[in-house]
Amino acid sequence: MPVLRETEFLGEITWLGMVPADAGIQAEAHDMLDFGFSGVAGERHEGAQRPSCVRVKNLYTPGTEIRNTRQVTIVSEEELALIAADMGLAQLDPRHLGATIVLRGIPDFTHVPPAARLQGADGVTLTVDIENRPCVLPGREIEKDHTGFGPKFKTAAENRRGVTAWVERPGQLKRGDSLRLFVPDQPAWVGEH
C-alpha cells in the first residue's frame, strides 16, 4: 500500500538557479540543473551532510554534522508575487533568495507537508523537509539592488518563504518542466493543540 498520495497539483518550473559554493546566498539563473544524491554539484548547499545551524540549535550544538535536508530551496512564483507586493516592489528576483527552483501552480506552497514529494516526468524526485523560515540574508541581497526595501523582506515573507528539500532520486530539471506533488497519506497529528 503506497504511503504517498498523488495529488492533482503540478508545479511548473519557471526559474532555476544555483548558489556557487564560494559566494554569498545570491543564486545564478540556469536553464537546466542536474540533481545528484548530494544536490547540485558546486552549489552552496551541496552534500549528504552539513554542519547544524541555528534552525536546529535546540537539537544540536552549532556545527554538529547532520544529514543535509537543505540541498534545495524551492519557492512559489505566486508567493513571491505576494511578498513583492507587500514590500512595495513590482517583482522579487528569486536570485536574491538563493532559490534553486521557482514553481507555479501549487497553492499555499510553503505549507505543503514535510515528507511530500515533488517528482519530475523522468523520475527525478525531491523530498520536502520543512518550511524555510524567512531570515535577514535575502533582505541584504535585495537591499543591494533596491535601497530601502531589504528590511521589508522578513516580515513580508512570513509563511511564504517556500521549503527546503533534498534529492531522493537524481535527475535533470529544465525550465518549463513540471513536478507532480505527492503528499503523505496519513491524518494530521493532533498531539499538540
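Yes or no: segment 33-46 includes at least one residue that is in contact (Cβ under 8 Å) with a residue 60 or more places away in the chain, in contact with a Leu (Cβ under 6 Å, 6 or more places away or on another chain), surrounded by 13 or more Cβ atoms within 10 Å (Cβ to Cβ) and not in a loop (DSSP other than H, G, I, E, B).
yes
Of the listed requirements (1) within 29 Å of Asp34 (Cβ to Cβ); (2) touching a strand residue (DSSP E or B) at 6+ places or on another chain (Cβ under 9 Å), Cys135 misses just one: (2).
The requirement of being aliphatic (A, V, I, L, M), open to solvent by less than 80 Å² (accessible area, probe 1.4 Å), touching a residue at least 12 places away in the same chain (Cβ under 8 Å) and closer than 20 Å to Gln71 by Cβ is satisfied by Val128.
Applying the selection to segment 1-29, what residues are open to solvent by 60 Å² or more (accessible area, probe 1.4 Å) and closer than 14 Å to Thr100 by Cα? Answer for segment 1-29, where residues must be open to solvent by 60 Å² or more (accessible area, probe 1.4 Å) and closer than 14 Å to Thr100 by Cα: Glu12, Ala21, Glu28, Ala29.
Each residue in segment 154-193 was checked for being in contact with a Phe, Trp or Tyr (Cβ under 9 Å, 6 or more places away or on another chain) and among the acidic types (Asp, Glu), and 1 pass.
Whether any residue in segment 131-148 is in a helix (DSSP H, G or I), farther than 24 Å from Ala21 by Cα and either of a type in the set (Val, Ile, Thr) or touching a residue at least 12 places away in the same chain (Cβ under 8 Å) (or both) is what I want to check.
Taking segment 131-148 and keeping what is in a helix (DSSP H, G or I), we get 136-145.
If we keep only those that are farther than 24 Å from Ala21 by Cα too, we end up with none.
Scanning segment 131-148, I find no residue that is in a helix (DSSP H, G or I), farther than 24 Å from Ala21 by Cα and either of a type in the set (Val, Ile, Thr) or touching a residue at least 12 places away in the same chain (Cβ under 8 Å) (or both), so the answer is no.
Scanning segment 57-106 for residues that are open to solvent by 80 Å² or more (accessible area, probe 1.4 Å), assigned to a loop (DSSP other than H, G, I, E, B) and of a type outside the set (Lys, Arg) yields a count of 7.
When each of Ala90, Ala99 is tested for being closer than 20 Å to Val136 by Cβ and among the hydrophobic types (A, V, I, L, M, F, W, C), the lone residue that passes is Ala99.
The values are calculated or read from the model by the stated rules, or taken from the named source; none is laboratory data. All values derive from a computational prediction rather than experimental measurement. Neighbour counts are summed over all protein chains in view; Cβ atoms, including those assigned to glycine, are modelled from backbone coordinates with ideal geometry. We work out accessible area using only protein heavy atoms, side chains counted, and drop any ligands, DNA or RNA first. Shrake-Rupley method; radii C 1.70, N 1.55, O 1.52, S 1.80 Å.
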